[in-house]
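Structure, as structure tokens:
The values are calculated or read from the model by the stated rules, or taken from the named source; none is laboratory data. What you see is a predicted model; the values in this text were computed from it and never measured. As a convention, Cβ positions derive from the backbone with ideal geometry for all residues, glycine included, and neighbour counts pool all protein chains shown. Note: areas computed on protein heavy atoms with side chains; ligands, DNA, RNA excluded. Shrake-Rupley method; radii C 1.70, N 1.55, O 1.52, S 1.80 Å.
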Amino acid sequence: MAIRIGIFGYGNLGKGTECAVRQNPDLELAAIFTRRDPASISPMTEGVPVVAASEVADWAGKIDVMILCGGSATDLPVQTPELARWFNLVDSFDTHAKIPEHFAAVDAAASAAGTTALISGGWDPGLFSLNRVYAEAILPQGGTYTFWGKGVSQGHSDAIRRIEGVADARQYTVPVPEALERVRAGQRPTLTTRQKHTRECYVAAKPGADLARIEQEIKTMPNYFADYDTTVTFVSLEQLHAEHSGLPHGGSVLRSGLTGWNEEHTATVEYSLKLDSNPEFTASVLAACARAVSRMHAAGQTGCKTILDVPPALLSPLSGEELRRQLL
Ligand code: NDP
């Protein structure tokens with residue numbers, strides 16, 4: 001029987017999740033939930049119910065795993081612990097500094113309810129986290145580096161959009177090329193946050209908004225922009241939509257470490273992603289995580305989890321025997 005998936009929140013990630021569910025025959029879309037008027041939402045999947053978020057509790061028992069597609073800045077800290085009372089779930093919470101706090105809140109709710117809730121799925125946090133852990137376990141003497149972009153960070157764009165007076169915004173994360181080259185060359189440099197990336201923001205303000213205040217709020221926003229060299233460029237809404245409408249992204253996790261009796265050799269591990277669509281790829285990771293959550297729940301593993309707690313085989317639709325024959 002297919003795993004019944006609910007999509008909670010129908011923005012970029014919600015639409016990407018709809019595409020990902022369609023690509024996985026063992027998953028089926030049961031319903032889409034939104035805080036907006038359900039009649040204003042037109043899903044791609046024929047016949048799928050669109051339900052008001054306020055009625056979500058009525059769907060307990062009809063959804064095997066809820067995939068939460070709200071924003072990390074203000075949606076998920078509220079929605080994930082709330083929904084863990086009724087559903088197994090997956091979210092893509094990506095405010096790294098607040099993951100321990102989010103984990104504690106979700107764990108309390110999921111443990112009390114006996115549900116299984118995987119937080120911070122996606123690619124970073126998510127697949128990149130997994131690769132950092134593998135590389136550090138394998139090469140204990142060395143340095144780990146993560147570079148993002150150039151690409152649009154949805155989390156950062158979302159955070160700017162929530163500032164008063166902002167109509168829409170796109171934020172590009174850009175790696176500093178010299179820093180990336182030095183790491184790939186095995187030099188293991190010490191790099192500050194500021195030396196690794198710059199952040200470019202394109203912002204369309206609402207008529208009459210105070211541009212200086214918006215720029216100041218962006219540049220000083222903790223966790224998102226305060227530690228980076230950030231540029232803010234104000235553009236019209238038309239220009240923003242014409243020139244910055246795509247959501248490409250990507251990046252690399254690198255570890256450069258030492259091997260040999262006298263640590264005379266260097267090994268460099270690089271895992272990289274090149275994504276035409278960040279939300280569609282992120283959603284593809286969440287779909288695989290939903291499969292794992294369904295299996296972990298069936299095995300009695302409840303409470304909050306991250307992708308680090310998931311045995312790789314549980315992410316795959318293949319059986320253990322198929323995996324050993326085809327992918328080991
Ligand atoms: P969106 O802004 O497109 O959607 C967020 C929510 O906004 C939706 O769930 C939707 O909820 C609501 N919304 C309100 N009005 C609208 C509207 N007019 N159109 C669309 N949605 C609307 O954000 P994204 O989907 O791009 O990203 C969601 C989060 O995903 C990001 O905040 C980021 O934290 C996370 N992410 C994580 C990654 C990772 O690797 N871990 C990678 C990429 C993203 P409702 O339907 O209830 O109104």
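Quick one: P(r) of region 163-246 from all Cα-Cα pairs, 5 Å bins, percents rounded to integers, in order of increasing distance.
The calculated distribution, bin by bin, is 3, 14, 22, 18, 16, 11, 7, 5, 3, 1, 0.
Using a Gaussian network for the chain with springs between C-alpha atoms less than 10 Å apart, which of these wobbles most: ASN88, ASN278, ASN262?
Among ASN88, ASN278, ASN262, the largest mean-square fluctuation in the Gaussian network model of the chain belongs to ASN262.
Just name one of LEU139, ASN223, LEU318: the one whose Cα is farthest towards the positive end of the charge dipole of the chain (beta-carbon charges, Lys/Arg +1, Asp/Glu -1).
Of the listed residues, the answer is LEU139.
Ordering LYS196, LYS15, LYS274 by accessible area with a probe of 1.4 Å, largest first, what comes out?
On the way: LYS196 40, LYS15 95, LYS274 190 Å².
Sorted descending by solvent-accessible area, the residues read LYS274, LYS15, LYS196.
Treating only the Cβ atoms of Lys and Arg (+1) and Asp and Glu (-1) as charged, compute the dipole magnitude of region 127-276 about its Cα centre; round to the nearest 20 debye.
Working: 16 positive and 18 negative charges, 34 e Å.
In total the dipole reaches around 160 debye.
Can you show me the helix-derived [θ] at 222 nm for the chain, built from DSSP H runs with n ≥ 4 at -39,500 (n - 2.57) apiece and divided by the number of residues, rounded to the nearest 500. Could the numbers behind the result be given before it?
Details: 11 runs with 110 residues, N = 328.
Helix-only estimate at 222 nm: -10000 deg cm²/dmol.
Quick one: which residues, 5+ away or cross-chain, put their amide H under 5 Å from the amide H of PHE33? H built at 1.01 Å from N.
So PHE33 has HN proximity to ILE7, PHE8, GLY9, VAL51.
Please compute the Kirkwood hydrodynamic radius over region 41-141, one decimal place, Å, based on all pairs of different Cα atoms.
Computed over Cα pairs of region 41-141, the Kirkwood hydrodynamic radius comes out at 15.0 Å.
Out of every Cα pair in the chain, what percent are spaced more than 35 Å from each other? Before the final figure, lay out each step's value.
Numbers: 13590 of 53628 pairs.
Percentage above 35 Å: 25.
Residue by residue, what Karplus-based ³J(HN,Hα) values in Hz, rounded to whole numbers, does region 152-159 have, using 6.51, -1.76 and 1.60 with θ = phi - 60° and x for Gly and Pro?
So the J values, rounded to whole Hz, are 7, 8, 5, x, 6, 4, 4, 5.
If you place +1 on the Cβ of every Lys and Arg and -1 on the Cβ of every Asp and Glu, how big does the dipole about the Cα centre of the chain come out, in debye to the nearest 20? Before the final figure, lay out the partial values.
Details: 29 positive and 37 negative charges, 67 e Å.
Its charge dipole is roughly 320 debye.
Gain in length, THR233 to ALA108, computed as 0.36 nm per residue apart minus the alpha-carbon separation, to one decimal in nm? It would help to have the intermediate numbers written out before the result.
Numbers: separation 125, 0.36 × 125 = 45.00 nm, distance 4.20 nm.
Result for the pair: 40.8 nm of gain on full extension.
Under a no-solvent Debye model with one identical scatterer per Cα of region 127-276, what's log10 I(q)/I(0) at q = 0.13 Å⁻¹?
Those come out to -0.65, one per q.
Taking the Cα centre of the chain as the origin and placing charges on Cβ (Lys, Arg +1; Asp, Glu -1), which of ALA53, GLY126, LEU211 is farthest toward the positive end of the dipole?
Value: GLY126.
Looking at LEU247, GLY257, PHE234, which one has the Cα that reaches farthest to the positive end of the dipole of region 127-276 (charges on Cβ: Lys, Arg +1; Asp, Glu -1)?
Highest projection toward the positive end goes to GLY257.
Select from region 245-324 those GluC sites (Glu not before Pro) which occupy a DSSP coil region and have at most 16 other Cβ atoms within 10 Å, ordered by residue number. Walk me through the intermediate numbers first.
Details: sites: GLU263, GLU264, GLU270, GLU280, GLU321, GLU322; in loops: GLU263, GLU264.
The qualifying sites are GLU263, GLU264.
Could you go through region 8-20 in sequence order and give the Karplus-derived ³J(HN,Hα) for each residue, using 6.51 cos²θ - 1.76 cosθ + 1.60 with θ = phi - 60°, rounded to whole Hz, and x for Gly and Pro?
Whole-Hz 3J(HN,Hα) from phi for region 8-20: 10, x, 10, x, 4, 5, x, 5, x, 5, 4, 5, 5.
What is the distance in Å between the Cα centroid of region 216-291 and that of region 42-117?
Measuring centre to centre over Cα atoms gives 24 Å.
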